[in-house]
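See below for the structure under consideration.
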Amino acid sequence: MTRVLYPGSFDPVTKGHMNIINQAGVLFDEVIVAVMQNPLKKSYFFTLEERIEILKEIYRKLDNIRIILGSGASVDIALENDCKSIIRGLRSLSDYDYEVQLQQINKDISNNRVNTICLFADRDYQFISSSMVKEVFNLGKDISTYVDPVVNERMKQKKMLLDK
Ligand code: ADP
């Protein structure tokens with residue numbers, strides 16, 4: 001059985017992330033999506049629990065996509081879950097610069113036991129980022145082109161709660 005880890009903050013999960021998950025699902029028997037909290041990032045729109053809930057709802061019918069809470073180093077989560085590789089998605093040159101450094105560090109700290117595989121989202125999804133989605137949403141504009149209906153609904157609900 002081949003398993004791969006896809007770590008990220010998914011705040012919120014976008015159609016870009018989902019395109020990468022679909023591609024990974026074709027390449028591997030199981031994709032483990034680890035929802036992470038970056039201690040250096042000050043604020044999130046959704047809590048860690050909400051981000052996990054949303055992903056679980058979206059993928060509830062797919063047995064080969066597992067959603068977990070990820071804490072600590074991605075390579076440790078990968079090894080604990082029997083994954084020999086980590087998937088990262090590439091959008092731009094700036095993603096590339098960061099990912100090149102990250103994959104080397106991950107190789108070093110895992111003693112070469114965990115490799116990184118980079119995938120590219122299909123053309124229509126390449127430019128989508130969680131931060132762009134939040135910006136468009138905060139301007140009161142429609143985000144349904146960029147996210148699953150589950151995310152769209154949960155963002156509206158959360159905004160109503162925050163506005164109260
Ligand atoms: P963000 O969207 O804020 O960069 P994440 O940490 O949630 O952040 O992203 C997890 C992984 O998904 C990263 O490797 C990121 O580069 C990748 N990713 C995010 N959006 C896309 C996209 N539209 N196309 C390809 N990869 C993506």
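The values are calculated or read from the model by the stated rules, or taken from the named source; none is laboratory data. If you're wondering where the values come from, they're calculated on a predicted model, not measured in any experiment. FYI the Cβ positions are ideal-geometry reconstructions off the backbone, even for glycines, and counts take in every protein chain you see. Calculation scope for accessible area: heavy atoms of the full protein, side chains included, ligands and nucleic acids excluded. Shrake-Rupley method; radii C 1.70, N 1.55, O 1.52, S 1.80 Å.
Mind listing whichever residues of segment 34-54 are within 11 Å of the ligand (Cβ to nearest atom), closer than 22 Å to Glu80 by Cβ and either out of contact with any Lys or Arg (no Cβ under 7 Å at 6 or more places or on another chain) or touching a residue at least 60 places away in the same chain (Cβ under 8 Å) (or both)? Once the filter is applied, which keeps residues that are within 11 Å of the ligand (Cβ to nearest atom), closer than 22 Å to Glu80 by Cβ and either out of contact with any Lys or Arg (no Cβ under 7 Å at 6 or more places or on another chain) or touching a residue at least 60 places away in the same chain (Cβ under 8 Å) (or both), segment 34-54 yields Ala34, Met36, Gln37, Asn38, Arg51. Given the criteria farther than 24 Å from Thr2 by Cβ, open to solvent by less than 60 Å² (accessible area, probe 1.4 Å), over 18 Å from the mean Cα position of the chain (by Cα) and within 14 Å of the ligand (Cβ to nearest atom), does Val136 qualify? Answer is yes for this residue.
Table: residues versus (1) at positive phi; (2) touching a strand residue (DSSP E or B) at 6+ places or on another chain (Cβ under 7 Å); (3) within 11 Å of the ligand (Cβ to nearest atom); (4) part of a loop (DSSP other than H, G, I, E, B).
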position: Leu62; (1), (2), (3), (4): no, no, no, yes
position: Ile68; (1), (2), (3), (4): no, yes, no, no
position: Gly72; (1), (2), (3), (4): yes, no, no, yes
position: Val75; (1), (2), (3), (4): no, no, no, no
position: Ala78; (1), (2), (3), (4): no, yes, no, no
position: Gly89; (1), (2), (3), (4): no, yes, yes, no
position: Ser94; (1), (2), (3), (4): no, no, yes, no
position: Tyr98; (1), (2), (3), (4): no, no, yes, no
position: Gln103; (1), (2), (3), (4): no, yes, yes, no
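Failed condition for Asp108, given (1) open to solvent by 80 Å² or more (accessible area, probe 1.4 Å); (2) on the phi < 0 side of the Ramachandran plot; (3) outside any helix (DSSP H, G or I), with all others met? Here Asp108 meets the rest and fails (3). Of the residues examined, Ser9 is one that is within 11 Å of the ligand (Cβ to nearest atom) and closer than 18 Å to Val147 by Cβ.
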